[in-house]
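Trainee: Sharing a structure below in structure tokens format, with a few things to ask.
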Amino acid sequence: MSGTPTVVVVEPEPGYVRVDPPPSPGALARQRRLEEREAARPQPRTLRRDWLPLLLVLVVQAACSGRLIGMNTAFLDEGTYIYSGYQELGHLLHGRPVAEYQSFFSGAPVIYPVVVATADILGGLSGTRLLSMVFMLSATVAVHLAARRIYGSLAAFFAAALFAALGPTQFLGGYATYDAMALALLAWAGYFATRLATGGGYLCILPAAVAMALADATKYASLLWSPVVLGLAVFAGWGGSPWSGVRWRRGLLLFAVWVVALAIPAAAAGQVYLHGFTSTTLQRKVASDSYGYVATAAAQWVGALLVLALIGTVVVLCSASRWGANGRSARWLALVLLVGGVLAPANQIRIHTWLSLQKHVDFGAWFSCMVAGYLLARLLPAAASRARLAAGGLAAATAVGALGWVGFGQATAMFTAWPDSRPLVSALTPYVQKGADQYLVEDYDVPAYYFKDRSNWQQWHDLVAVYYTDPKTHETLTGVPAIKAALAAHKYRMVVLDFMQTAGTDAQIQPYLKQYGYRVAATVVSTTSGTTGRYTVYLAPEGQPSAPGKGQAKGSAHKGTTSKGTTSKGRTRNRNQSQGGTKTAVKK
């Protein structure tokens, strides 16, 4: 038919084979990265299966920490942070004067203290401790999610179980201080850094950097683990060689955003914050605890976990071929996770102090749990028969169960290491009221917290940093001479001594109390299963009410030392030995 095109089919010659041009090296590299990203990304169906074992871990962890909430009254640190939070809230909302806590707190007082005071308003002391439990449960979720992206579902379960089993984890879950909040923020920074490296994309940089900066601001000591979070961004996931540009580009971008997130608020905070950060963190004075004593204490809390993490690291080093092109990076990642676990013991061995070590080791444990979880997970797939499978499962369960059993007892011991404050609060109740009365109380933070509705913070003073200006000579006295002159002038309506944190000062001023007419109003003995507190309450002579007047006696709500630790024998020691003697400062 005219107009119809003619189609001519040309048959290839016999033996002809069509060969497509080979892909370029760049195309091959892109394809490999896409495949690695897809392999690293958890599949939704598998993720749903993971939630049930994780839920079981969270329920057990909540039960172990929840039992602690009502086990004891507020500890000194808890009273300090909650009480300071009320002052900060009053300053933020109503412009009321507040002590310059930022000059000696080892964390920004406008973050955790404000958060925990809000929780106290809503739920009292139990509410503040429940908040800590929520923080620690969220840290467990974060370690599960991060470990799953690195080592798989089974390792993620064991990582979460190991972290929840630790005594410090159980303890912090019922303890209302900034440690739980800082650890949770650091944990989520670690998760987002891991997600960044395992296919989550560069959008993960912002939450990782912000969470890390918030953790560092909440508790300055969190800075110790910021390099570990950056290490996750570099060595986890896809990217080939540990020195490849794509890996270090991730890490450098996260580092840059984190620095900006820290620098902007730090610049706005001012010199007082910088002084507090420097004095409490960078220039902390060396104490006197021996290397062996600190190392032994660390071993009690996380020694078993670190042994598992060390073995897990060795397994990774010897089997890096399982990760293909990422094998060498997997080795570096395992080392980074192991080092994260030993940072706290190493740092406190360096400064010769065990104080707060039972909390700090939990920050590093969050990282080491991942490689330890990988080790336990390897016990099961490596089994070639039912008998070996049962043996592997029994070994893994024994490791987690033993850690949890020991941790249960450790958390109980830590939570009963301070005396019940109810007898002391009851003894002080008739004498505390808002007004001009001044109270000189060793470690006053706990009674000040319980009497927050019937006293002002300016009424409370401790024995750490006392200044007194003689109204006649106008000479400013400090220390014991200042207390002696203030007692002679009856500036304090009430004095409470317990011969613990400032035992030497107590012994020096006790004779002056009798000399200047102070009488013993009550002797209080308070006990828990872990320790006993003995308090002597003195009252000024009748008709001699306290009033600052011209002879101003300045102590602190705002004191140089912010916390007190208790040894395993119940002996109380100053936890912040580097922070003594800070003069009262008021922020208006």
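Trainee: Select from region 510-532 the residues that are surrounded by fewer than 19 Cβ atoms within 10 Å (Cβ to Cβ) and among the hydrophobic types (A, V, I, L, M, F, W, C) and write down the one among them that is farthest from Pro430 (Cα to Cα).
Mentor: It comes out as Val525.
Trainee: In region 451-472, is there at least one residue being open to solvent by less than 10 Å² (accessible area, probe 1.4 Å) and assigned to a helix (DSSP H, G or I)?
Mentor: Yes, the conditions are met somewhere in region 451-472.
Trainee: Might you let me know whether region 146-156 holds any residue that is among the β-branched types (Val, Ile, Thr) and open to solvent by 10 Å² or more (accessible area, probe 1.4 Å)?
Mentor: In the first step, residues of region 146-156 are kept if they are among the β-branched types (Val, Ile, Thr); the result is 150.
With open to solvent by 10 Å² or more (accessible area, probe 1.4 Å) added as a condition, the list becomes 150.
For region 146-156, residues among the β-branched types (Val, Ile, Thr) and open to solvent by 10 Å² or more (accessible area, probe 1.4 Å): present.
Trainee: Of the residues in region 109-120, how many are touching a residue at least 60 places away in the same chain (Cβ under 8 Å) and open to solvent by 10 Å² or more (accessible area, probe 1.4 Å)?
Mentor: Of the residues in that region, 2 qualify.
Trainee: How many residues are at pLDDT below 90 and open to solvent by less than 10 Å² (accessible area, probe 1.4 Å) if we restrict to region 78-101?
Mentor: 3
Trainee: Further, regarding this structure: Conditions: (1) of a type in the set (A, V, I, L, M); (2) in contact (Cβ under 8 Å) with a residue 40 or more places away in the chain; (3) open to solvent by 10 Å² or more (accessible area, probe 1.4 Å). Leu185 meets all but one. Number of the miss?
Mentor: (2)
Trainee: Please determine, by comparing only the residues of region 239-280 that are assigned to a helix (DSSP H, G or I) and in contact with a Ser or Thr (Cβ under 6 Å, 6 or more places away or on another chain), which one is most open to solvent (accessible area, probe 1.4 Å).
Mentor: First pass over region 239-280, keeping only residues assigned to a helix (DSSP H, G or I): 245-269, 271-280.
Okay, now just the ones that are also in contact with a Ser or Thr (Cβ under 6 Å, 6 or more places away or on another chain), so 272, 275-276, 280.
Details: Val272: 50, His275: 103, Gly276: 0, Thr280: 5 Å².
Among those residues, the one meeting the criterion is His275.
Trainee: On the basis of being part of a loop (DSSP other than H, G, I, E, B), in contact (Cβ under 8 Å) with a residue 60 or more places away in the chain, open to solvent by 10 Å² or more (accessible area, probe 1.4 Å) and touching a strand residue (DSSP E or B) at 6+ places or on another chain (Cβ under 7 Å), does Asp420 make the cut? Break it down into steps so the answer makes sense when it comes.
Mentor: Values: part of a loop (DSSP other than H, G, I, E, B): yes; in contact (Cβ under 8 Å) with a residue 60 or more places away in the chain: yes; open to solvent by 10 Å² or more (accessible area, probe 1.4 Å): yes; touching a strand residue (DSSP E or B) at 6+ places or on another chain (Cβ under 7 Å): yes.
Yes; evaluated as a whole, the condition is true for this residue.
Trainee: Can you tell me which residue in region 219-238 is modelled with the highest pLDDT, limited to those that are open to solvent by 20 Å² or more (accessible area, probe 1.4 Å) and among the small types (Gly, Ala, Ser)?
Mentor: Filtering first and then ranking leaves Ala221.
Trainee: Can you confirm whether Ser329 is open to solvent by 20 Å² or more (accessible area, probe 1.4 Å) and hydroxyl-bearing (Ser, Thr, Tyr)? I'd like the intermediate steps shown before the answer.
Mentor: Values: open to solvent by 20 Å² or more (accessible area, probe 1.4 Å): no; hydroxyl-bearing (Ser, Thr, Tyr): yes.
Here the answer is no, as Ser329 does not meet what is asked.
Trainee: Please determine, by comparing only the residues of region 426-441 that are open to solvent by 10 Å² or more (accessible area, probe 1.4 Å) and either aliphatic (A, V, I, L, M) or touching a Ser or Thr at 6+ places or on another chain (Cβ under 8 Å) (or both), which one is modelled with the lowest pLDDT. Before the answer, list the steps.
Mentor: Looking only at region 426-441, we keep the residues that are open to solvent by 10 Å² or more (accessible area, probe 1.4 Å), and these are 426-427, 429-431, 433-438.
Pick out the ones that are also either aliphatic (A, V, I, L, M) or touching a Ser or Thr at 6+ places or on another chain (Cβ under 8 Å) (or both) and you get 427, 433-434, 436-438.
Working: Ala427: 93, Gln433: 92, Lys434: 91, Ala436: 88, Asp437: 92, Gln438: 93.
Here the residue is Ala436.
Trainee: Given the conditions (1) open to solvent by 40 Å² or more (accessible area, probe 1.4 Å); (2) touching a strand residue (DSSP E or B) at 6+ places or on another chain (Cβ under 6 Å), which single one is not true for Met494?
Mentor: Looking at each condition in turn, Met494 falls short on (1).
Trainee: Please specify each residue of region 281-306 satisfying the condition of being part of a helix (DSSP H, G or I), open to solvent by 60 Å² or more (accessible area, probe 1.4 Å) and touching a residue at least 60 places away in the same chain (Cβ under 8 Å).
Mentor: Tyr291, Tyr293, Gln300
The values are calculated or read from the model by the stated rules, or taken from the named source; none is laboratory data. Being a predicted model, the structure only gives us computed values, none of them experimental. Note that we place each Cβ from the backbone using ideal geometry, even for glycine, and neighbour counts take in every protein chain shown. Note: areas computed on protein heavy atoms with side chains; ligands, DNA, RNA excluded. Shrake-Rupley method; radii C 1.70, N 1.55, O 1.52, S 1.80 Å.
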